[in-house]
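The numbers here are math on the coordinates, done by the rules we state, and not lab data. No experiment lies behind these values; they were computed from the predicted model shown. Note that we place each Cβ from the backbone using ideal geometry, even for glycine, and neighbour counts take in every protein chain shown.
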Amino acid sequence: MDPPLFRQRQRRGGELRHAIKITACGGMIGTAVLFPLANVQGLWFRAVTLSIFTLSALAFHALHIEPFIRFGPYTAAAALVFLLVAVLSAGSSRKDLIPWLPLFIASVSLITVATHEASQHIGHRPVAFDEEALSRASMDSIQGQCQPHWDALTQSHFPAHIPPEDNSQAEPHVRRASPAEERHRNPESDLDSDQESVESGHPLLGPQ
């Protein structure tokens, strides 16, 4: 697939997903607020409102599955404790709490998603690289990058794989004597050269 076409489809998919999230969130909150009024109006309006709320809530939870997996057990436990306290303290008017259950569920869902979003930003510091830090970076610190089948020019960029210099070629003008020359060497000439070396190391002094 062509990369520009793939990026365009990916961008459209992200926009569609974002639009579905907004629609699901709006439908869940709107029907949760209208449900107490629908409970008074009649059965058909209540059924329609409850159906829209259920579908919107399912879509919202499906699109935000990660926050509910991570923080759902904690927010659900706190919500159940709060609901239990509210039911026990309501006494004989417990039936009046039923129309407010969708709004309570929507609130807990939004709190769970908001907690997850906040946790993504708290303590998250992006690493900034300046030009000086990048210039000091060495490819030698990257393990297992240089491959043996690469050419010599590519491998030369890795300091750990630069071949050592041959010391024998450091002074090309110095020629090593052959074995035949070693056998026919004059000992007196060697003695004279050694004496010259000693005299050069100790300069002549003037008269004492």
Note to self: What is the sum of charges, Lys and Arg at +1 and Asp and Glu at -1, for the other residues whose Cβ falls under 13 Å from the Cβ of THR115?
What the structure shows: -1
Margin query: What are the extents of the Cα atoms of the range 1-70 along their three principal axes, in Å, largest first?
Written below: 56, 27, 14
Notebook entry, point to check: So for LEU50, LEU103, LEU80, fewest C-beta neighbours within 10 Å to most, what's the order?
Noted result: LEU80, LEU50, LEU103
Next item on the list: Could you check the simple spin-label distance between GLU66 and HIS121, using points 7 Å along Cα→Cβ, in nm with one decimal?
Entry: 1.6 nm
Notebook entry, point to check: Sorting ILE20, ILE122, ILE98 on the 10 Å Cβ count, fewest up front, what's the list?
Noted result: ILE122, ILE98, ILE20
Item checked: Förster radius 30 Å - calculated FRET efficiency between ALA114 and ARG9, Cβ distance, rounded to 0.05 -> 0.50
Item checked: Kirkwood Rh in Å, taken over all unlike Cα pairs in the range 3-119 -> 15.9 Å
